[in-house]
Amino acid sequence: MGRKLQGYRRWPALKVADLPPDTHQIVEIDGRSIGLFNVKGNYRAVLNVCPHELAPVCRGYVRGTTLDSPPGEFRWGREGEILACPWHQWEFDLLTGACLVDKRRLRLFPIEIEDDTIYVLLRPGRQGGS
């Protein structure tokens with residue numbers, strides 16, 4: 001089952017088969033809207049709130065981003081790893097939660113997979129997670 005996190009409750013979210021690679025779904029768990037993402041086989045649970053202007057960030061596009069490039073060139077990379085907020089296009093790294101243009105971060109929740117079920121771990125009674 002993986003590590004045991006003290007003070008967290010496991011919530012069944014989806015079956016693994018319902019979240020194939022490079023897809024995402026938004027689920028409601030304990031009064032919180034949470035985006036579940038399969039980023040090339042890495043599962044992530046993201047609070048559906050953009051830290052910039054509180055937009056429903058998980059309704060944005062999953063894409064790549066421009067990489068460091070020589071002057072006059074634009075290189076594109078990290079396809080499928082970047083979530084762009086639907087309101088202002090702020091970009092977030094789905095693997096770490098880090099914003100690419102600011103110090104703010106997405107709120108990521110721990111997950112566990114057991115018996116083909118994806119579980120999200122939340123602290124009970126704390127809106128917005130831990």
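Side notes on the structure shown:
- Here the range 22-40 is the region considered, the condition is being within 16 Å of residue 96 (Cβ to Cβ) and out of contact with any Leu (no Cβ under 7 Å at 6 or more places or on another chain), and the residue that is modelled with the highest pLDDT is 35.
- All positions within the range 65-108 that are at positive phi and either polar (S, T, N, Q) or under 10 Å from the mean Cα position of the chain (by Cα) (or both): 89, 97
- Within the range 22-46, restricting attention to residues that are under 26 Å from residue 78 (Cβ atoms) and among the charged types (D, E, K, R), the residue that is surrounded by the most Cβ atoms within 10 Å (Cβ to Cβ) is 44.
- Subset of the range 1-21 [surrounded by fewer than 13 Cβ atoms within 10 Å (Cβ to Cβ) and at pLDDT 95 or above]: 15, 17, 20, 21
- Those residues of the range 55-66 which are more than 23 Å from residue 20 (Cα to Cα) and modelled with pLDDT of 95 or more, in sequence order: 55
- For the range 47-67, the criterion of being exposed (fewer than 12 other Cβ atoms within 10 Å of the Cβ), touching a strand residue (DSSP E or B) at 6+ places or on another chain (Cβ under 6 Å), over 24 Å from residue 11 (Cα atoms) and among the hydrophobic types (A, V, I, L, M, F, W, C) is satisfied by at least one residue.
- You will find that of 95, 121, the residue that is assigned to a loop (DSSP other than H, G, I, E, B), of a type in the set (A, V, I, L, M) and at pLDDT 95 or above is 95 and no other.
The values are calculated or read from the model by the stated rules, or taken from the named source; none is laboratory data. Computed from a predicted structure; not experimentally measured. Quick reminder, even Gly has a Cβ in these numbers, built from the backbone with ideal geometry, and neighbours come from all protein chains shown.
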